[in-house]
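Have a look at the structure below, then the notes.
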Amino acid sequence: MILNRHQQIWLVVSKIPHGHVATYGQVAELAGLPRQARAVGSILSQLPRGSDLPWHRVINSRGELSFPLDSNKYQEQKSRLEQEGIQFTGEKISLTTYGWNGVD
DNA sequence: AATTTGACCAGTA
DNA sequence: CTACTGGCCAAAT
């Protein structure tokens with residue numbers, strides 16, 4: 001059976017290893033939806049309540065979090081990432097942990 | 001039915 | 001570094 005884009009994206013996001021991050025574009029690409037980064041953000045914004053998907057490991061291509069700096073979401077994502085050992089330099093994620101190539 | 005919006009991106013200037 | 005462009009497309013207006 002063919003998976004709809006939600007499932008494809010959930011699948012990819014669920015595979016991002018602990019302590020690593022992937023960009024929206026990467027997730028879209030790996031999900032077989034090239035150039036549809038927006039769809040990833042759109043779908044992550046509609047996650048079912050209580051989902052255990054590691055949505056916080058998805059960041060934008062600038063190496064930053066796609067939330068307003070003063071928002072709770074920003075803080076939540078940042079703490080979750082820091083909890084996994086990901087370091088920040090200002091608002092950007094350190095290049096050492098940046099980029100998951102889709103293979104563990 | 002038409003238009004705008006959105007957790008985005010890569011290229012160009 | 002910033003600013004703007006066109007690409008993308010389902011959902012909400």
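What follows draws every value from the coordinates through simple rules; no lab data is involved. Nothing here was measured: the structure is a model prediction, and the numbers come from that model. Neighbour counts are summed over all protein chains in view; Cβ atoms, including those assigned to glycine, are modelled from backbone coordinates with ideal geometry.
Key figures for this structure:
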| item | result |
| --- | --- |
| At R0 = 30 Å, FRET efficiency that the Cβ-Cβ distance of A:Ser51 and A:Glu91 yields, to 0.05 | 0.70 |
| Positive-end residue, chain A charge dipole about Cα centroid, Cβ charges, pick of A:Trp55, A:Leu81, A:Ala28 | A:Ala28 |
| Efficiency of FRET between A:Arg62 and A:Asn4 - r from beta-carbon atoms, R0 30 angstrom, step 0.05 | 0.55 |
| Using a Förster distance of 41 Å, the FRET efficiency for A:Asp104-A:Leu69 (Cβ separation, nearest 0.05) | 0.85 |
| Check: the range A:5-93 dipole with +1 on Lys, Arg Cβ and -1 on Asp, Glu Cβ, in debye | 280 debye |
| Gyration tensor verdict on the range A:38-97 (Cα atoms; rounded if a/c is under 1.5, prolate if a/b is larger than b/c, oblate otherwise) | prolate |
| Sequence-separation-based contact order of chain A, relative, with Cα cut under 8 Å and 6+ spacing, percent | 31 percent |
| Span per principal axis, largest first, for the Cα atoms of chain A (Å) | 43, 28, 23 |
| The range A:43-104, relative contact order in percent, only Cα pairs under 8 angstrom and at least six apart counted | 25 percent |
| For chain A, built as a Gaussian network whose Cα springs stay under 10 Å, the top-fluctuating residue of A:Gln77, A:Gln87, A:Gln46 | A:Gln46 |
| Neighbour cut-off at most 13 other Cβ (10 Å), DSSP loop, trypsin sites (Lys or Arg not before Pro), the range A:5-58 | A:Arg35, A:Arg49 |
